[in-house]
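**Q** Quick one: the structure is below, and I'll ask about it shortly.
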Amino acid sequence: GTPQKYDPTFKGPIYDRGCTDIVCCVLLVVAIVGYVVVGVVAWTHGDPRKVIHPTDSHGQFCGQQGTPNEYGRAPPDRGVPRIPHGIRACSPPPCPPPVQICVSKCPDRYMTYLTAYGNAASLEYYRNFCTPEFKNSQKAPIEVLKDKECPAMLIPSTPLARRCFPAIQAKKGVIMVGNETTYDDGQGHRRNVTELLEGAKKANVVLETRQLAMKIFEDYTVSWYWIIIGLVIAMVASLIFIVLLRFLAGIMVWVMIVMVILVLGYGIFHCYMEYAKLKGEAGSDVSLTDLGFQTDLRVYLHLRQTWLAFLIILCVLELVIVLLLIFLRKRILIAIALIKEASRAVGHVMSSLLFPLCTFFLLCLCIAYWASTAVFLSTSNEAVYKVFNESACPFSGQTCKPETFNTSNVTKLCSDAQCLFAFYGGETAYHKYLIVLQFFNVFMFFWLANFVIALGQVTLAGAFASYYWAFKKPDDMPAFPLFSAFGRALRYHTGSLAFGSLVLAIVQVIRVTLEYLDHRLKAAENKFAKFLLSCLKCCFWCLEKFIKFLNRNAYIMIAIYGTNFCTSARNAFFLLMRNIIRVAVLDKVTDFLFFLGKLLIVGSVGILAFFFFTQRIKLVQDTAPPLNYYWVPILTVIVGSYLIAHGFFSVYGMCVDTLFLCFLEDLERNDGSAEKPYFMSQNLRKLLKKTNKGQPDA
């Protein structure tokens, strides 16, 4: 649209702007269409049940409707008896995989097939854990075990993640399974249950984790409303802190500076007193070079030279800080004034404090789409069956089809050969390029996530820029500055945002690739390759930080002037370089205030939550809910408070950065004349001793 109530000599944001970086906009649209196509293809071929549900030896899902194993539960691992550490005794390779079947429930007792064979009731129970092919109960036990129709033994097991694992427990430090310390392996040997421990170790960790998760869930069910109250308190405290910055920013900054000077002064005094106290003591005049390196650092504290070195270092620091304050006092005052001005701007655009929720929602959509597509792609392989046998066979390891295997030549030449499910894979063109599709999925996730963040930054920058460039604040501001900025960003600058986010996404994908290579090379002995990889990782980490900094300021310039990405990035970079000292001072001052605010909010709310949930506040002692772990709601409140404070301060930080760039542009482009008046606030003009000639003060 057209400028709204702006001065005719307005030299600020250009409202009559055109579309920028159209090629990147088209490229983004094409990439999104391709991403949707990849998602549809993945959802068509993929089956997440392969991740969640186990299968039997024929690749059939357990306990799924419409499958032969609809009423089964989960396959216990069984088959050829295991040698310790899971090494299978078979020759020649490949070894046949352990036979897996689906059962309605896990075994609850020790039993071997030899003992069950002579008892009708036991054999009937045992049949529940045999393959569907086992029909002849009169078959000799040696033949049954040889054909792997039934397991050689049963062990008391517990269901976990739809699988049966040995029910291992510790009683008074003794490892037991089903209240027994030994078991019959089905071949007439007694084995210690500790041999089962290694195989079920991870399962028991998961089981204990599930029990812990249940207790944590119980704590959340009785304390969730108190957690919400704590988060509301953190939100109110963050809002109050931002409002108070308008009045207390200068006081907090100067108090911090004075405290640093006083602390350094006390350090100088303490070092001098220690230096004087050691005068004349035996061994205190030994030099540091004569003493050499000592593992006990307290030895150095008995040397006068140590305290003299500390004294000189602190004196130099004190002198440097005092000199910086003398020469940079005006820039510190400007930084404080900009922080106060940012508080006023946020006050006039209060909806900006809720805008991070929109960004968070869009990021959640990106994460959900990426994760679901990744799962469907990884589960879009087909079941692959291979020939397994225990004797020499020319077809061993070759793929086969269970439907036609019994009528093929393989069974004629290799009588003991079996066609068993091996893994999920595929040999079609789609399956061969799955890794490429996964890479594209990761790349698009980074691109879209960075685009969403960029959209949020340019929207906030546009809203706060409209405040700064309003000659009469806030009368000349648009009625809905945040929505106006959001509309301008999408309508005119989608291509520029796509450009900036694309550059950042490429660097992030390279970093992910380097991390993957580093993970693969951990076991390698090539030290030069590791060194080179570490250097590359460090370089690309620095590059990513620089691009994020450049993009952030480029988006601000895009919001102000509507120029394309490259022009905005170049103008922002050189503008900041021409004012590097101001940039450094403002950056450190705002970093200190944000650190102080987060520490104050998170610390206060965390301490309040600690005293409440540990029932140490007498007034509400009976109100606090009973908990299994009181740290669960406390940590939740602390983490939530930090995220809330970070969300508020990220908006505030964007406001400070935007006003700062607007302030620098204002100084360079305007001179206070009637044709080029300053748009900065009256306080900033007074601080810089600037006036608008022939124009009333804003």
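The values are calculated or read from the model by the stated rules, or taken from the named source; none is laboratory data. Computed from a prediction, not measured in an experiment: that's the story for all the values here. Heads up, the Cβs are rebuilt from the backbone with ideal geometry, glycines too, and the neighbour counts pull from every protein chain shown. With ligands, DNA and RNA removed, areas are computed over all heavy atoms of the protein, side chains included. Shrake-Rupley method; radii C 1.70, N 1.55, O 1.52, S 1.80 Å.
**Q** Using Cα centres only, tell me the gap between the stretch 510-547 and the stretch 27-42 in whole Å.
**A** 30 Å
**Q** 5 Å is the cut-off here: which amide hydrogens, built 1.01 Å from N in the peptide plane, fall below it relative to THR182, excluding neighbours closer than 5 in sequence?
**A** Result for THR182 returns VAL193.
**Q** Could I ask something else about it? Do any GluC sites (Glu not before Pro) in the stretch 612-698 lie in a DSSP loop with no more than 14 other beta carbon atoms within 10 Å, and if so, which?
**A** Counting only loop positions with at most 14 other Cβ atoms within 10 Å, the GluC sites (Glu not before Pro) in the stretch 612-698 are GLU675.
**Q** If you filter the stretch 601-638 for chymotrypsin sites (Phe, Trp or Tyr not before Pro), then keep DSSP loop positions with at most 15 other Cβ within 10 Å, what is left?
**A** Values: sites: PHE610, PHE611, PHE612, PHE613, TYR629, TYR630, TRP631; in loops: TYR629, TYR630.
Answer in residue order: TYR629.
**Q** Let me ask something else about it. Looking at the square roots a ≥ b ≥ c of the eigenvalues of the Cα gyration tensor of the stretch 635-698, which shape do they give, rounded for a/c under 1.5, prolate if a/b is larger than b/c, or oblate?
**A** Because a/c hits 1.5 or more and a/b exceeds b/c, the stretch 635-698 counts as prolate.
**Q** Also, I was wondering about something else. Okay, which of the stretch 460-498 sit inside 13 Å, backbone N to the point 7 Å along the Cα-Cβ direction of CYS358?
**A** It comes to 460-464, 480-491, nothing else.
**Q** ASP147: accessible area at probe 1.4 Å, nearest 10 Å²?
**A** 70 Å²
**Q** Arrange the residues MET557, MET111, MET235 by how much accessible surface each exposes, largest first, with a 1.4 angstrom probe.
**A** MET235, MET111, MET557
**Q** Can you order the peptides 242-248, 213-219 by their average number of other Cβ atoms within 10 Å per residue, highest first?
**A** Ranking, from highest mean packing down: 242-248, 213-219.
**Q** Which of the residue pairs LYS50/LYS386; LYS146/LYS386; LYS139/LYS386 have a Cα-Cα distance greater than 24 Å in the structure shown?
**A** LYS139/LYS386
**Q** Another question, then. State, to one decimal in nm², a quarter of the convex hull surface area for the C-alpha atoms of the stretch 407-534, i.e. the direction-averaged projected area. Mind dumping the intermediate values first?
**A** Working: hull surface 65.9 nm².
Here the figure is 16.5 nm², rounded to one decimal.
**Q** Same structure again: Sorted by accessible area (1.4 Å probe), largest first, how do GLU143, GLU133 line up?
**A** GLU133, GLU143
**Q** While we're on this one: Averaged per residue, what accessible surface does the stretch 462-525 expose to a 1.4 Å probe, in Å²? Mind showing how you got there, number by number?
**A** Values: 2870 Å² over 64 residues.
With the other protein chains kept in place, the stretch 462-525 gives 45 Å² per residue.
**Q** Between SER604 and SER415, what's the calculated FRET efficiency when r is the beta-carbon distance and R0 is 56 Å? Round to 0.05.
**A** 0.10
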